[in-house]
1. Collect the residues in region 163-181 that are more than 8 Å from the ligand (Cβ to nearest atom) and not in a loop (DSSP other than H, G, I, E, B), keeping them in residue-number order.
2. Find all pairs meeting these conditions: Cβ atoms under 6 angstrom apart; at least six residues apart or on different chains; first residue within region 164-181 and in contact (Cβ under 8 Å) with a residue 40 or more places away in the chain; second residue within 8 Å of the ligand (Cβ to nearest atom) and assigned to a strand (DSSP E or B).
3. Looking only at region 142-162, count how many residues are surrounded by fewer than 21 Cβ atoms within 10 Å (Cβ to Cβ), within 10 Å of the ligand (Cβ to nearest atom) and not in a strand (DSSP E or B).
4. Does at least one position in region 183-198 carry a residue that is more than 11 Å from the ligand (Cβ to nearest atom), surrounded by 19 or more Cβ atoms within 10 Å (Cβ to Cβ), touching a residue at least 12 places away in the same chain (Cβ under 8 Å) and not in a helix (DSSP H, G or I)?
5. Residue 139: near the ligand (Cβ under 8 Å from one of its atoms), in contact with a helix residue (DSSP H, G or I) (Cβ under 9 Å, 6 or more places away or on another chain) and either over 23 Å from residue 229 (Cα atoms) or not in a helix (DSSP H, G or I) (or both), yes or no?
6. Limited to region 65-96, what total is found for residues that are crowded, with 17+ Cβ neighbours inside 10 Å and in a loop (DSSP other than H, G, I, E, B)?
7. Identify, by number, the condition in (1) under 16 Å from the mean Cα position of the chain (by Cα); (2) over 25 Å from residue 89 (Cβ atoms); (3) part of a strand (DSSP E or B) that residue 242 doesn't meet.
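Derivation of every value follows stated rules applied to the coordinates shown; laboratory data play no part. Everything numeric in this text was worked out from a predicted model, so none of it was measured. Every residue, glycine among them, receives a Cβ derived from its backbone with ideal geometry; neighbour counts consider all protein chains shown.
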Ligand SMILES: C[S@@+](CC[C@H](N)C(=O)[O-])C[C@H]1O[C@@H](n2cnc3c(N)ncnc32)[C@H](O)[C@@H]1O
């Protein structure tokens, strides 16, 4: 079957979402993409050789537990949206550097409160689509109401899992992860699922906190499991090819990968 054009993809995806939106009860999480039929599901030779270990141990047990405390979602909403946070201050520049254009299908993986989701949704426009994936239901509710308040009809929230993003194979032009990688308990399995969710030639933009022994604070060294070089190596093991780094931020690095 020939691959579908982006425009047709966005249209079909929108149709699937609209029908599932119409059927769902308010407050439930949509999983439109997980059941969306796809036209481009080939697996590159590099990816075929990188099956994740079934018995992958947690890379950072309990790192996401604080989000699930009774006061977690509200407390972390304040932290993630604090004006002092570099990601908040530079959010427009971060989205600019992604190289988005109208009609693209993008996933914001580990979207948190949706700070960047709505920026991305505006850039890809009404013919594009954004899937906001997170494991915290309260964050997904927040994103859904934010998108509605801003009149954005091109955002679908997806309840992710610890080992998979829950996105349809070959369905994305671009996957974006901002300060999410260090929160993955099972990075090998997870990045493999992100790899497979991209169409061949699709891109991954990964922003994460710098971790430098002897330079980073004790709290960063404890919270962030791996530094940039190790992250590039791990992501490449999922089948991605590292492309370039954008020098943009002080506290975070900004990496571009491609699915061959
Ligand atoms: C530090 S926050 C970053 C949020 C957002 N990207 C931002 O920069 O404001 C990390 C996010 O990753 C989410 N997360 C952790 N593990 C995840 C997984 N397996 N799938 C999807 N999201 C996950 C957390 O719930 C949290 O919202």
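1. 172, 173, 174, 175, 176, 181
2. Hits for this filter: 165/109; 165/133; 175/109; 176/108; 177/109; 178/207; 180/109.
3. Qualifying residue count for the region: 2.
4. yes
5. Details: near the ligand (Cβ under 8 Å from one of its atoms): yes; in contact with a helix residue (DSSP H, G or I) (Cβ under 9 Å, 6 or more places away or on another chain): yes; either over 23 Å from residue 229 (Cα atoms) or not in a helix (DSSP H, G or I) (or both): yes.
So residue 139 passes the test.
6. So the answer is 1.
7. (1)
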